[in-house]
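Written below as structure tokens is the structure these notes are about.
The values are calculated or read from the model by the stated rules, or taken from the named source; none is laboratory data. Fair warning: this is a prediction, and the values are worked out from it, not measured in the lab. Cβ sites come from the backbone with ideal geometry, for glycine too, and all protein chains shown count toward neighbours.
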């Protein structure tokens, strides 16, 4: 009886043996999730060997600062065939405002834009009902303005750290072609793919140029406040919308052309798309509200 049970277990454990390596690789390559892949590596030496050749991995990390994140990237170097990487990171802190931010970067961080509405309404009727049956514009209080500025600078610091993480991933994973680092709440995403990844990797020639020095820059700061934005496409109404733009001061004056050309509607739901529409609405109809703030020099403490 014991011999029969033992034989059954052995047959079950070797059920993948008839499959050639390339078929097993195709199966395991669809698992993607790093935790599942790491568990599967323990099945057998064959599984371990094939899983280290998967080309796509997705993971959620608790590390919001750079140094712990670096250890995660170093561990991913064991996956010698890795070409596509998606990493989700929890927000570093709770913010008192709704916001989205976006960056433009090449070899260095060029520009950062942050949009902070006080409130978002699904449509004009909801807005009117919530505001005593009328559409009105309110000026922003000085205290609220200062708090928003602090949030924007904090988001800028986060953006710079995330870009450093992106550079670290590209530098340390030789075959990587696509990398995306995003917030679990989908407030931001930093990503690069194909040609841009290749260009960035080629430019990462020395540690002094490829990491911290790339993210330290004097910047021009602009601000725009719009008391109320009615968004005709999505139907949303945003109240108390503040936009901040930080640009490297060694770049030509862009007059927001950078973001006019790069803002896209690659969001997953209607509210996500509304932020994109709000940016375009400001650039199109509210340029006169934009004001240049004092010159600030921003550094990053990692």
- Item | Residues satisfying the stated conditions in segment 60-79, i.e. surrounded by fewer than 14 Cβ atoms within 10 Å (Cβ to Cβ), part of a helix (DSSP H, G or I) and touching a residue at least 24 places away in the same chain (Cβ under 8 Å) | 67, 74
- For residue 16, are the conditions met, namely being over 25 Å from residue 189 (Cα atoms) and at pLDDT 90 or above? no
- Yes/no for residue 281 being at pLDDT 70 or above, surrounded by 15 or more Cβ atoms within 10 Å (Cβ to Cβ), out of contact with any helix residue (DSSP H, G or I) (no Cβ under 9 Å at 6 or more places or on another chain) and under 23 Å from residue 182 (Cβ atoms): no
- Identify, by number, the condition in (1) at pLDDT 90 or above; (2) surrounded by 21 or more Cβ atoms within 10 Å (Cβ to Cβ); (3) in a strand (DSSP E or B) that residue 221 doesn't meet. (1)
- Message: Take the conditions under 19 Å from the mean Cα position of the chain (by Cα) and modelled with pLDDT of 55 or more and apply them to residue 245. Does it pass?
- Response: yes
- Task: Give 50, 113, 73, 87 a once-over and let me know the one that is farther than 22 Å from residue 191 by Cβ and modelled with pLDDT of 90 or more.
- Result: 50
- Query: Mind checking which residues of segment 29-59 are part of a strand (DSSP E or B) and farther than 15 Å from residue 169 by Cβ?
  - Reply: 33
- Report, by residue number, each residue of segment 168-193 that is part of a helix (DSSP H, G or I), surrounded by 16 or more Cβ atoms within 10 Å (Cβ to Cβ) and in contact with a helix residue (DSSP H, G or I) (Cβ under 6 Å, 6 or more places away or on another chain). 168, 169, 170
- Task: Could you check, for segment 225-235, whether at least one of its residues is within 17 Å of the chain's Cα centre (by Cα), crowded, with 16+ Cβ neighbours inside 10 Å and either more than 30 Å from residue 140 (Cα to Cα) or modelled with pLDDT of 90 or more (or both)?
- Result: no
- Reported set for segment 106-128 where residues are touching a strand residue (DSSP E or B) at 6+ places or on another chain (Cβ under 8 Å) and either under 30 Å from residue 57 (Cα atoms) or assigned to a strand (DSSP E or B) (or both) is 108, 109, 110, 111, 112, 113, 114, 115, 116, 119, 120, 121
- Task: Name the single residue, out of those in segment 194-218 being exposed (fewer than 15 other Cβ atoms within 10 Å of the Cβ) and more than 26 Å from residue 80 (Cβ to Cβ), that is modelled with the lowest pLDDT.
- Result: 208
- Task: Out of 98, 82, report the one residue that is assigned to a loop (DSSP other than H, G, I, E, B), over 13 Å from the mean Cα position of the chain (by Cα) and closer than 30 Å to residue 29 by Cβ.
- Result: 82
